[in-house]
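A.B. asks: The following block contains the structure, expressed as structure tokens.
The values are calculated or read from the model by the stated rules, or taken from the named source; none is laboratory data. What you are looking at is a predicted structure, and each value in this text was computed from that prediction instead of being measured. Cβ atoms come from the backbone with ideal geometry, glycine included; neighbour counts cover every protein chain shown. Side chains are part of the model used for accessible areas, which takes the heavy atoms of the whole protein and leaves out ligands, DNA and RNA. Shrake-Rupley method; radii C 1.70, N 1.55, O 1.52, S 1.80 Å.
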Amino acid sequence: MYKNIIKGKKCSLIRFIGHDEKLVTLMHNIFNDEALHEFLNPEYLNYRTKPQIRKWLKSKYSNPVEIWYVIKHKNLYVGYICYKWRKHYDEACEISTAIDKNYRGLNLGYESSKLLLDHLFHSKRFKYLVGYVHKGNKIAENNLKKLGLKKNNRLQKIVTKEFYDSDGSSSVYNLFSITT
């Protein structure tokens, strides 16, 4: 189920495995990009220095409920994409992605999401594939709609409770989902 490489036309997804200084630099750029702060998982903003990021990355290499990939375009690391679930709740997985500012606008967020969604559809591991989108991030919202995901308030309450122990009622995020 966990592929190390997922190849596409414009980009490939390469699983986070072992120490990689190019990956540390990429994550440092993304986690310190002021334009992304309101869109990223707030937890990630706790890791701003390269030593903090190296330690954080170690926890992602063999995490039992998170699979992380670097998005590679023309031999360059341009972003990350991951999917996560919970041990006690594996009916849904959450997909998350971010692209370095130097590579936005090249459709790499869309293509990488499509690659991962196709992979997850074929795995038949999860009933729902979901993505949280900040209410102000229309680009991400439109990408998810193009991929076939729909805003789902009912499922947002369930998934947010299971993933984040909150009902999501005061959330700045909307949940989009697709049934596999």
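A.B. asks: Out of curiosity, is SER171 among the polar types (S, T, N, Q), touching a residue at least 12 places away in the same chain (Cβ under 8 Å) and in a loop (DSSP other than H, G, I, E, B)?
C.D. replies: Taking the combined requirement at face value, the residue satisfies it.
A.B. asks: Does ILE53 fit the bill of being part of a loop (DSSP other than H, G, I, E, B) and not polar (S, T, N, Q)?
C.D. replies: No.
A.B. asks: Same structure again: Which ones in region 59-90 are in a strand (DSSP E or B), open to solvent by 30 Å² or more (accessible area, probe 1.4 Å) and without any contact (Cβ under 8 Å) to a residue 60 or more places away in the chain?
C.D. replies: The answer is LEU76, TYR77, ASP90.
A.B. asks: I want to confirm something. Restricting to region 130-180 and keeping residues that are out of contact with any Ser or Thr (no Cβ under 6 Å at 6 or more places or on another chain), more than 21 Å from GLY109 (Cβ to Cβ) and aliphatic (A, V, I, L, M), which single residue is most open to solvent (accessible area, probe 1.4 Å)?
C.D. replies: The qualifying residue most open to solvent (accessible area, probe 1.4 Å) is ILE158.
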